[in-house]
Structures are given as C-alpha cells and as structure tokens.
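Only one structure is covered here, and it is reproduced in the block below.
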C-alpha cells in the first residue's frame, strides 16, 4: 500500500534582494503564462486538440441503446478521453508551477475572477481548459512547502493599461492591441510582458507593506 508523504509548511524565507527574488506572471489564453522576464509559455489547449475525437466518441455513444453493453463500452471510451485530457492538463500545470517555485522566492499573480469570466460563452471553454484556478492552487501549496511567497494582485489593478516605465495609464488601449507605445514617455510595450512587469512591481509593493507591518 502506497503511503502519501505529507510535507510540512515551512517558515517564510528571508529575502535580501526583492527585485531578483521575484517574478510577475500574466495569465492568458493564447499564451498560458507570460513572465516579467519576457518568457512566454504556450497554452497546450489539451481539450481543444481533442474536440474532434471527443465529438466522434459522443456521436457513437448517442447511437447506442441505453443500458446495452455497447452503450456502456462507448460511455467508457468518452470517460477515458476526458480523464486523459484532465491528466495531461494536470501534468502540465504541475511542471510549470514546480519550475516557477524552484526558480523564484516570490511569485506574483493577478487574482482573476475565473467564475465571472466563464460566464462569457465565447471564452468559457477556453478558460475552463486553461485551468487558472488549479494552477493557482498548485503554486499556493508548493510555495507553502518551501516557505516561498505567492502574492495575488487585485483583479482590478490595470496591469495591461499602465505604462511600466512612467506609470501613465492608457485608457484607450483595446484587447486587439498587442504592442503599444506610451503617449507620455514614448516607451513601446509588448502588452503581455508589460502586464507581467506591472504585476511583479505591484506584488512586491504589497509584500513589502505586509512585511513592514508584521
């Protein structure tokens, strides 16, 4: 019988250089994750890649007589594919969260309103497939195991629209604009990388405030 190892929560580590210790992470759909260092990790889209196969199996299931052996067999095939997709997604999320925790002392994320976002019918399947909530959970307990910090930035923080150079807010920025230049200082930004840098900066501000009052 396999006995699971229970790892204790470790005391928080001491940080000597906050800037070098932290990474900011912007979560997305095209790219699963963009870091403040400029790294972009593609979204593997496991569900999307299996939709045709899944639709085919569900069509076969719909043609079987309920309660028959063939119905049960077809139903198992659908369940098996769903399980495969779930396991692929979990494996990906475990690997990315482990890499982030290994390489950083502080990880900063935007606290996304996933429940609200899935109400958008056009994006619901993509948001569910990307599993941001599960990713946040994985990061949370792994940081706890190693005494590292996971900081969540308020979902209303204007990470994408704020210039990472001068702090000016681009209120006219649209979702389709992936590259934009600040009208105040002229600095050009990759939308996602700029957001990740702003998330990092805000997360470090929150952490230092918390440590100062502890």
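A short reminder: the numbers here are calculations on the coordinates, not readings from a lab. A quick note: this is a predicted structure, and the numbers were derived from the prediction, not measured. Cβ: placed from backbone, ideal geometry, glycine included. Neighbour counts: every protein chain shown.
One decimal place: the segment residue 185-residue 75 gains 33.7 nm when fully extended, by the rule 0.36 nm per residue minus the C-alpha distance.
The packing ranking, built from the mean of other Cβ atoms within 10 Å per residue, places the peptides 189-199, 62-72, 146-156 in the order 189-199, 146-156, 62-72, highest first. Shown here: Cα extents along the principal axes in Å, derived from the displayed model; of the candidates (1) 62, 34, 34; (2) 50, 30, 29; (3) 67, 49, 25, it corresponds to (3). For region 179-199 versus region 45-68, the spacing of their alpha-carbon centroids is 44 Å. On the basis of the beta-carbon distance and an R0 of 35 Å, residue 152 and residue 56 show a calculated FRET efficiency of 0.30.
From its DSSP helices (H runs of at least four residues, each -39,500 (n - 2.57)), the chain gives a residue-normalised ellipticity at 222 nm of -15500 deg cm²/dmol. The stretch between residue 48 and residue 124 holds 26.1 nm of extra length on full extension. This uses 0.36 nm per residue minus the Cα-Cα distance. Calculated FRET efficiency, residue 117 to residue 87, Cβ-Cβ distance, R0 = 22 Å: about 0.35 to the nearest 0.05.
Most simply put, region 18-213 has about 55% antiparallel DSSP beta bridges, counting only bridges with both residues inside it. For the chain, the longest principal axis of the alpha carbon atoms and the long axis of helix 191-213 meet at an angle near 70°. If you line up the long axis of helix 51-62 against the longest principal axis of the chain, both from Cα atoms, how many degrees apart are they, to the nearest 10? Helix 51-62 sits at roughly 30 degrees to that axis. Measuring r between the beta carbons of residue 213 and residue 20 and using R0 = 22 Å, the FRET efficiency lands at 0.40. Expressed as an acute angle from 0 to 90° and rounded to the nearest 10, what is the orientation of the C-alpha long axis of helix 132-146 relative to the principal long axis of the chain? Relative to the chain, helix 132-146 is tipped by roughly 60 degrees.
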